[in-house]
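Structure record follows, encoded as structure tokens.
What follows draws every value from the coordinates through simple rules; no lab data is involved. Predicted model, so just to flag it, every value in this text is computed and none were measured. Every residue, glycine among them, receives a Cβ derived from its backbone with ideal geometry; neighbour counts consider all protein chains shown.
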Amino acid sequence: MECNEIEQLLSQALALDEVHVSQDGTHYKIVAVGECFDGVSRVKQQQMIYGPLMEHVTSGALHAITINAFTPTQWKREKIFNM
């Protein structure tokens, strides 16, 4: 599965400000930014991301996935401290 396909799926399913997907072999890293994550537990955030992708996970098209979900405020802080 292509990174841009994952980005499109997540953008259509969730109200995200930004979504970035990178791939290293069979491992995908997803960074999702949206107000929809505000006040939501990390487990629920992961479930929100996995939901639109579940068909591709169960089919084997997506294997190893790392998810980082942020609110816009958290994302700004993350970019400042990790530059």
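Quick notes on this one:
- Residues satisfying the stated conditions in the range 24-39, i.e. exposed (fewer than 14 other Cβ atoms within 10 Å of the Cβ) and not charged (D, E, K, R): G25, T26, H27, G39
- Checked against (1) over 22 Å from K79 (Cα atoms); (2) crowded, with 16+ Cβ neighbours inside 10 Å, Q47 passes all but condition (2).
- Applying the criterion of at least 3 residues that are touching a residue at least 60 places away in the same chain (Cβ under 8 Å) to the strands (runs of 3 or more DSSP E) found wholly in the chain leaves an empty list.
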